[in-house]
Amino acid sequence: MNQCLLALYGLKWNPFSQELPTEALLLSRKVEDFFWRIEQAHVREGGFALIHGDPGTGKSVVLRLLAERLERLAEVSVAVLNHPQSNLADFYRELGELFGVGLKPHNRWGGFKSLRERWVAHLEGTRLRPVLLIDEAQEMNPSALSELRLLASARFDSRPLLSIVLAGDGRLTDKLRREDLLPLGSRIRVRLAMDYATREELAACLEHLLATAGNAALMTPQLGQTLCDHAAGNYRILTTMGAQLLSAAVQRQAPLLDEKLYFDVFTQSKTTTAAKSRGQRSR
């Protein structure tokens, strides 16, 4: 499809892809301020930072960009955990694999204390500051979150053992209000709330996506307004609709994306869904 995009529309990449280059992503002032605080203070002081918001508001994108920015810092070692395992032994195994340290417990009782000691021993041999970014952190077991608190609160040679950025939806913020996790919640120093976008923010995002991909005129202004109206403040919905329309346009060799294509694609989709529903009820 990439060659078709280039030949038909002069695009350097799919502007609605989930794996966009950094230059294609438009950052708000709030996100830039969050990045500055992480880079200038959090990686040196340790502890926790939190990114929270509903699905589709951009948490994973922010975490990805943060990882890329932190990797440019000479004194920082960055690891990203996208789907954390639920139990504590698996968490330590994944932590070890990410940072290149053997962290597999040999026994169930007292094993995690020895793993913390092994982590400290690892830091003795490196001057890098470890930063762990965890996406979908609401899936973590409370015991693993508590263990993170122990790792993040300890220090070695005036350096934090671990700096952590958690990203998750409302289930994570609810979990952090549990009595057994209140000590962790109280250690969160930097927070970023990802809100639903305004219509103007969606429009600016759409314009930026198309312009950086190489064809600002790929979509009619009327269609852009329609997509922003139907996205309900959700970036993921906006790009999902855009991806569907672009795919349909390529198949039809359409010169551009317009409202006629929108009605053809989404009216047909609704009609097909309704027909399937009627067929299932008639069985």
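State all residues of region 4-43 that are among the aromatic types (Phe, Trp, Tyr) and either surrounded by 15 or more Cβ atoms within 10 Å (Cβ to Cβ) or in contact with a helix residue (DSSP H, G or I) (Cβ under 9 Å, 6 or more places away or on another chain) (or both); if no residue qualifies, say none.
To start, the set of residues in region 4-43 that are among the aromatic types (Phe, Trp, Tyr) comprises 9, 13, 16, 34-36.
Correct list: Tyr9, Trp13, Phe16, Phe34, Phe35.
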Looking at region 14-35, can you tell me whether even one residue there is of a type in the set (A, V, I, L, M, F, W, C), under 13 Å from the mean Cα position of the chain (by Cα), under 30 Å from Ala254 (Cα atoms) and not in a helix (DSSP H, G or I)? yes
Inspect region 197-217 for any residue being without any contact (Cβ under 8 Å) to a residue 60 or more places away in the chain, under 30 Å from Leu166 (Cα atoms) and touching a strand residue (DSSP E or B) at 6+ places or on another chain (Cβ under 9 Å) and give the result as yes or no. yes
Filter result for Leu223 (of a type outside the set (Phe, Trp, Tyr), assigned to a helix (DSSP H, G or I) and over 18 Å from Ser17 (Cα atoms)): yes
Among residues of region 117-138 being in contact with a strand residue (DSSP E or B) (Cβ under 6 Å, 6 or more places away or on another chain) and in a helix (DSSP H, G or I), the residue nearest to Ala152 (Cα to Cα) is Val120
Considering (1) farther than 30 Å from Gly58 by Cβ; (2) at pLDDT 80 or above, say which one Leu133 fails and leave the rest. (1)
Which residues, counting only those in region 50-79, are assigned to a strand (DSSP E or B), buried (at least 19 other Cβ atoms within 10 Å of the Cβ) and hydrophobic (A, V, I, L, M, F, W, C)? Leu50, Ile51, Val78
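So, in region 80-103, exactly how many residues are part of a helix (DSSP H, G or I) and not acidic (Asp, Glu)? Before the answer, list the steps.
Pass one, region 80-103, residues part of a helix (DSSP H, G or I): 88-99.
If we keep only those that are not acidic (Asp, Glu) as well, we get 88-89, 91-93, 95-96, 98-99.
Residues in region 80-103 being part of a helix (DSSP H, G or I) and not acidic (Asp, Glu): 9 in total.
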When you scan region 68-82, do you find a residue that is more than 20 Å from Ala193 (Cα to Cα), modelled with pLDDT of 90 or more, under 17 Å from the mean Cα position of the chain (by Cα) and not assigned by TED's automatic domain parsing to the domain that holds Leu151, even just one? no
Which one of these does Gly185 not meet: (1) assigned by TED's automatic domain parsing to the domain that holds Ser60; (2) surrounded by 15 or more Cβ atoms within 10 Å (Cβ to Cβ); (3) modelled with pLDDT of 90 or more; (4) not polar (S, T, N, Q)? (3)
Arg177 fails exactly one of the following numbered conditions: (1) part of a helix (DSSP H, G or I); (2) of a type outside the set (Ser, Thr, Tyr); (3) without any contact (Cβ under 8 Å) to a residue 24 or more places away in the chain. What is the number of that condition? (1)
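The values are calculated or read from the model by the stated rules, or taken from the named source; none is laboratory data. Predicted model, so just to flag it, every value in this text is computed and none were measured. Glycine also receives a Cβ, built like all others from the backbone with ideal geometry; neighbour counts cover every protein chain displayed.
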